[in-house]
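Chemist: Before I ask anything, here is the structure I am working with.
The values are calculated or read from the model by the stated rules, or taken from the named source; none is laboratory data. The structure displayed is predicted, hence computed values, not measured ones. Neighbour counts run over all protein chains shown; Cβ positions are idealised from the backbone, glycine included. Note: accessible area is taken over every heavy atom of the protein model, side chains too, but ligands, DNA and RNA are not part of it. Shrake-Rupley method; radii C 1.70, N 1.55, O 1.52, S 1.80 Å.
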Amino acid sequence: MGRLAGKRAVIIGAASTGNMAQVTARIFAREGATVLVAGRKQAPLDALAAEIGGHAALCDITDKASVFALADAAKAKMGGVDIAMNASGWGLLKPLLDVTEEELATIVALQFTGVHHFLQAFVGAMLTNDPTGGSIIQVSSATTRSPISNHAAYIGTKTGSEALIRCVANDFGAAGIRANIVSPAFTESPMTKDAFATPGLVDAFLPRYPLGRLNTAEDVANACLWLASDEAFVTGENLQPNGGLALRGNPQEGDIAAAVGAAMAKLQAQ
């Protein structure tokens, strides 16, 4: 029997091939869960659902009606929800003074207001379980503990979402609902593809990891697996599957510029 045998899971943010949510969906299914994957693009969701023997549904987390419709679909397709994970996000990398009003509204809608919709819908769904309860997992970022340059709007909204999770953990623990946060660091994914291709950028980050390497999507997914399982008697916590980055902190703008500059100079000299 798998660690999630008989569990019913919903994962939002799984519409990009190979991202953390997709990796997690595969691991959850491997461990016995029935998984409904959700996001904004139908074709990759359908392909993933077919691969793992699960379900797929469109969902725009910024639209409250869409999120509640997803919770209703999960109950209709699976009979209930035991695990709800939100891995949606936008890596807005921009200096504070340059962020437009439209960009700020977009990231707030996605990374704070949308998380509030997610919690309302899926706490409500878990309260209809018999017995009540379940595991809620919000993917945040190591930057909320270890700030990095030019990420103010991103860090601010992620920090707000973490506060919402702690409130849910406090308010609904008596109903058997556990709510926790997972905070990866600089992780190779579709969202960071261009960054990983930048010469020298990874070199700026590596010395900041006591365990000697950057975390992978699989590292994050395995942390989510533990939180989703009945093994995890924790709530309101912020798990850091990032190889110890929180101990040393992210490199800053000057560190990154120096590492990229050195790598570019080396390439030009070849």
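Chemist: Go through (1) in contact (Cβ under 8 Å) with a residue 60 or more places away in the chain; (2) within 21 Å of residue 157 (Cβ to Cβ) for residue 182 and report which single condition fails.
Modeler: Status for residue 182: all satisfied but (1).
Chemist: Tell me the residue from 246, 232 that is of a type in the set (A, V, I, L, M, F, W, C), touching a helix residue (DSSP H, G or I) at 6+ places or on another chain (Cβ under 7 Å), within 21 Å of residue 218 (Cα to Cα) and at pLDDT 95 or above, please. Please lay out each step first, then the result.
Modeler: Details: 246 fails: at pLDDT 95 or above.
Within the list 246, 232, the selection yields 232.
Chemist: For residue 171, work out the one condition from (1) farther than 24 Å from residue 92 by Cβ; (2) modelled with pLDDT under 95; (3) not aromatic (Phe, Trp, Tyr) it doesn't fulfil.
Modeler: The single condition residue 171 does not satisfy is (2).
Chemist: Show me the strands (runs of 3 or more DSSP E) found entirely inside the range 23-97 where at least 2 residues are open to solvent by less than 30 Å² (accessible area, probe 1.4 Å) and closer than 17 Å to residue 221 by Cα. Even if it seems obvious, please write down each step before you answer.
Modeler: Working: elements: 34-39, 55-58, 83-86.
Result: 34-39, 83-86.
Chemist: In the list 194, 203, which residue meets the criterion of being modelled with pLDDT under 95, within 23 Å of residue 19 (Cα to Cα) and touching a helix residue (DSSP H, G or I) at 6+ places or on another chain (Cβ under 6 Å)?
Modeler: 203
Chemist: Oh, and also: Considering only residues that are open to solvent by less than 40 Å² (accessible area, probe 1.4 Å) and assigned to a helix (DSSP H, G or I), which ones fall in the range 132-162?
Modeler: Listed by number, the residues that qualify are 142, 143, 144, 153, 154, 155, 157, 158, 160, 161, 162.
Chemist: Can I ask one more? Within 23 Å of residue 213 (Cβ to Cβ), among the aliphatic types (A, V, I, L, M) and modelled with pLDDT under 95 - does that describe any residue in the range 146-163?
Modeler: Yes; the residues of the range 146-163 include at least one that is within 23 Å of residue 213 (Cβ to Cβ), among the aliphatic types (A, V, I, L, M) and modelled with pLDDT under 95.
Chemist: Right, another one. Return the pairs, sorted by first residue and then second, in which the second residue is open to solvent by less than 60 Å² (accessible area, probe 1.4 Å) and modelled with pLDDT of 90 or more, the first residue lies in the range 194-215 and is more than 12 Å from residue 250 (Cα to Cα) and among the charged types (D, E, K, R), the beta carbons are less than 8 Å apart, and the residues are 6+ apart or on different chains.
Modeler: 213/243
Chemist: Moving on. Quick one: how many residues across the range 85-117 are free of Cβ contacts under 8 Å to residues at least 12 places away in the same chain and closer than 20 Å to residue 164 by Cβ?
Modeler: The number of residues fulfilling the criteria is 1.
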